[in-house]
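Here's the structure, in structure tokens; my notes come after.
The values are calculated or read from the model by the stated rules, or taken from the named source; none is laboratory data. The model shown is predicted, which means the values in this text are computed figures rather than measured ones. So basically every Cβ, Gly included, is an ideal-geometry build from the backbone, and we count neighbours across all protein chains shown.
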Amino acid sequence: MANIKTAISLQKSLFEQVEALARELKVSRSRLFVLAIEDFIHRYQNRQLLEKINQAYQDGPDAAEQSRLGQMRRHHRQIVQGEW
């Protein structure tokens, strides 16, 4: 995979934190930025997926599902009646 160089602007205090962390982790600044960006993208994609899942389950059961759930509850009550 080809690498592409890019330039970014940072506040001095943030740059100093990056430098310190890169030294502590014994990685280059470039590697630290790559790790941070990969993590950010992964978290963002997970949030997007969670939002889609939540939207899919947001609406309640329709009338047919409600009816079937009621039947299942009645059947379950008959099965467990007297068990407890």
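No other residue among SER13, SER9 is on the phi < 0 side of the Ramachandran plot, of a type in the set (Gly, Ala, Ser) and in a helix (DSSP H, G or I) apart from SER13.
Is the range 69-82 home to any residue that is out of contact with any Gly (no Cβ under 6 Å at 6 or more places or on another chain), without any contact (Cβ under 8 Å) to a residue 12 or more places away in the chain and at positive phi? Yes; the residues of the range 69-82 include at least one that is out of contact with any Gly (no Cβ under 6 Å at 6 or more places or on another chain), without any contact (Cβ under 8 Å) to a residue 12 or more places away in the chain and at positive phi. ALA2 falls short on exactly one of the conditions (1) exposed (fewer than 10 other Cβ atoms within 10 Å of the Cβ); (2) more than 29 Å from the chain's Cα centre (by Cα); (3) among the hydrophobic types (A, V, I, L, M, F, W, C), and that condition is (2). For TYR57, the requirement of being among the aromatic types (Phe, Trp, Tyr) and surrounded by fewer than 10 Cβ atoms within 10 Å (Cβ to Cβ) is met. TRP84 meets all of the listed conditions (1) at pLDDT 95 or above; (2) loosely packed, with under 11 Cβ neighbours inside 10 Å; (3) aromatic (Phe, Trp, Tyr) but one, namely (1).
Within the range 52-68, the set of residues being in a helix (DSSP H, G or I) and not β-branched (Val, Ile, Thr) comprises LYS52, ASN54, GLN55, ALA56, ALA63, ALA64, GLU65, GLN66, SER67, ARG68. Here ALA36, ALA22 are screened, and the one residue that is small (Gly, Ala, Ser), without any contact (Cβ under 8 Å) to a residue 12 or more places away in the chain and in contact with a Leu (Cβ under 8 Å, 6 or more places away or on another chain) is ALA22.
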